[in-house]
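Rule-based calculations on the coordinates, nothing more; no lab input. All values derive from a computational prediction rather than experimental measurement. Neighbour counts run over all protein chains shown; Cβ positions are idealised from the backbone, glycine included.
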């Protein structure tokens with residue numbers, strides 16, 4: 001009750017403290033605990049603590065899976081955190097309980113629209129291949145699905161939107177000459193390739209016995225598989241600039257770049273007979 005009074009007075013900090021005290025009593029009534037988590041989550045939400053609010057919504061939903069207030073709050077948190085795919089999933093979960101819940105219907109439509117806008121405003125082209133189990137890709141997967149991006153990289157890293165509204169991508173670097181790879185789990189879209197190369201090759205890798213892989217000595221390319229062509233990219237360019245290239249297609253949620261030593265015998269042989277667009 002004390003927490004509710006603070007909440008009504010819009011003293012959300014004290015409301016959070018009061019609800020926390022209530023939860024510390026370890027009451028064995030799941031209904032009451034679900035309510036306390038939901039109320040504390042609402043107070044955290046109004047304080048702008050969206051992750052804490054989401055954690056409370058998750059706990060409330062575990063205690064009472066049909067708790068619509070908690071589901072709505074969780075969906076709202078995901079909207080604020082720009083996790084639009086998760087927001088849609090929470091909305092759909094709530095709509096299975098009450099298909100006419102106005103807030104969820106409206107929020108789901110808004111999340112769908114925002115999810116598409118992120119891709120459209122950047123003009124990034126995606127290729128999402130069906131898995132073995134699914135021969136067809138749903139319409140939702142064909143769009144840029146930030147949190148639900150199907151990624152084939154081994155770590156399961158996915159593209160995500162940061163607090164400033166910028167995309168961070170998992171990026172794979174391939175070194176065909178040595179059959180080696182590097183993986184960057186979160187490559188900021190406004191970071192330049194040269195900046196990453198400087199970090200990655202600050203020390204020479206153990207497989208570079210000839211000591212050739214220096215940042216200034218590398219050329220980067222991407223492959224246009226459809227046309228069987230290669231494009232050299234400017235290391236001074238940002239990831240976003242490269243992704244916006246008219247012939248760059250992001251496959252399986254993970255941009256891929258190939259690195260070669262300039263004018264090396266291997267690169268000459270590799271590009272022999274290939275259609276290469278150089279800088």
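Using only helices, what value at 222 nm comes out for the chain when you add -39,500 (n - 2.57) per DSSP H run of length 4 or more and divide by the total residues, to the nearest 500 deg cm²/dmol? Don't jump to the answer; show the numbers that get you there.
Values: 11 runs with 123 residues, N = 279.
The per-residue figure over the chain is -13500 deg cm²/dmol.
Among 11, 112, 56, which one shows the biggest mean-square fluctuation in a GNM of the chain, springs joining Cα atoms closer than 10 Å?
11
Note down the nm distance, to one decimal, between modelled labels 7 Å out along Cα→Cβ at residue 1 and at residue 262.
7.8
Taking the Cα centroid of region 25-57 and of region 171-204, what is the distance between the two, rounded to the nearest whole Å?
One Cα centre to the other: 42 Å.
Can you tell me the orientation of helix 12-24 relative to the chain, as the angle in degrees between its alpha-carbon axis and the longest Cα principal axis, to the nearest 10?
80
With viscosity set to 1.002 mPa s and temperature to 20 °C, compute the Stokes-Einstein D of region 202-279, Rh being the Kirkwood radius across alpha carbon pairs; µm²/s, no decimals.
On the way: Rh = 13.8 Å.
This corresponds to a translational diffusion coefficient of 156 µm²/s.
How far apart, in nanometres, would the label points at residue 198 and residue 236 be if each is projected 7 angstrom from Cα along the Cα-to-Cβ direction?
1.4
Calculate how steeply helix 84-97 sits against the longest principal axis of the alpha-carbon atoms of the chain, using the helix alpha-carbon long axis, and give the answer as 0 to 90 degrees to the nearest 10.
Orientation of helix 84-97: about 40 degrees from the principal axis.
Calculate, for residue 122 and residue 47, the FRET efficiency according to 1/(1 + (r/R0)^6) with r their C-beta to C-beta distance and R0 30 Å; round to the nearest 0.05.
Numbers: r = 32 Å, r/R0 = 1.05.
Efficiency, from the Cβ-Cβ distance: 0.40.
Need one word for region 2-120: rounded, prolate or oblate. Basis is the Cα gyration tensor (sqrt eigenvalues a ≥ b ≥ c); a/c below 1.5 gives rounded, then a/b vs b/c decides. Intermediate values should be presented prior to the final figure.
Values: a/c = 2.40, a/b = 1.66, b/c = 1.45.
Cα axes put region 2-120 in the prolate bin.
Nearest 0.05, what FRET efficiency do residue 66 and residue 180 give at R0 = 51 Å with Cβ-Cβ as r?
0.50
Cut-off is 10 Å between beta-carbons; in what order do 188, 277, 37 appear when sorted fewest neighbours first? Walk me through the intermediate numbers first.
Values: 188 18, 277 13, 37 26.
Least crowded to most crowded, the residues run 277, 188, 37.
Could you give the angle, 0 to 90 degrees to the nearest 10, between helix 50-63's Cα long axis and the longest principal axis of the Cα atoms of the chain?
Computed tilt is about 60 degrees.
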